[in-house]
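Working notes for the structure below.
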């Protein structure tokens, strides 16, 4: 049964679950009218890349439906089925994209408020001034001005067209800004470069004995959106205004694609950062494991050396005791040796005032001093450290 009405949420879910052509056939509304309906009721549409990502089973991002108190929740479909529109977004020829009541609303707004954007006033002042920028018979804006390049006789009409474009942008809650030499349409916080120019052909003209190429206007105008890929709308004066809906639709679609790209980039960046963090943590864990194992191995080696030194000291004590009573010098040496064993033992590590700055693992400073001061003569050692006569 054909539905007479639908809520914004229901239409939003349909458009994000099925392609636009499927929803168009289901609701019996042509695609252009359906796009205009979404434009009027602030219903975001998926970009071209969305369905490609769905087919490839890649992660996708949905643009949320924003509630608006100024827009009704229930949409009557019958009036939209009766509308006749042409595919302005795909055809280069101008067509009746705006509905009569929408055109009338713009004209009433202009007459009532006499809207003239400051950007238009600044451009008008520039084009009527003496220092206007010229390019082989064409006049163009400069830094801080709208990016317009037309023949002088078409300046007023071009400003009027651009002014209507700005009005339509502001009616949709968007804006137009100039940054340096570039003009940007700001749609849903995304900046998209736009420009307006008149097409020309080149003719060879003679100037005295010389000839040069001259630009000749041909009465066709181009509104260009510098997106990825760029999009141009070309037509004559009487047809360019009919492109305003198509331009606005494409700008909003481009903005959605930019938001989706930004969201994908953000998600990819977060995922990459998580992977890098996990890799760094794994690397740090491996380093700690390796260091802990090496520490254990070094302490095991120290323990083996301690056992060897203890065995040596015990053997010395047994041999000396077998020869008679231990001398005072032998007792002092045994006491010194046992204190060093306790300093070196990995289970005791007793403090030693003379060896506090020595690394027990490598004995680096001892070896360094030994290598720097070697060879030393016997008389350079204190008596206590000289080779005892009983060795």
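Take the Cβ atoms of residue 66 and residue 298, set R0 to 56 Å, and the FRET efficiency comes out at 0.30. Each of 238, 257 was scored by other Cβ atoms within 10 Å of its Cβ. Arranged with the fewest first, they read 238, 257. Working note: Cα gyration tensor of segment 226-347, eigenvalues times five, square-rooted, sorted largest first, giving semi-axes of 89, 10, 8 Å.
Over all pairs of different C-alpha atoms in segment 286-333, the reciprocal of the mean inverse distance, the Kirkwood hydrodynamic radius, equals 13.1 Å. Spatial offset of segment 38-65 relative to segment 260-330 amounts to 56 Å, using the alpha carbon center of each. Taking R0 as 35 Å, what FRET efficiency do you get between residue 122 and residue 236 from their Cβ-Cβ distance, rounded to the nearest 0.05? Result of the calculation: an efficiency of 0.85.
Quick note: the coordinates plus some simple rules give every number you see, no bench work behind them. Since we're looking at a predicted model, the values are computed, not measured. Positions of Cβ are generated from backbone atoms using ideal geometry, with glycine treated the same way; all protein chains shown enter the neighbour counts.
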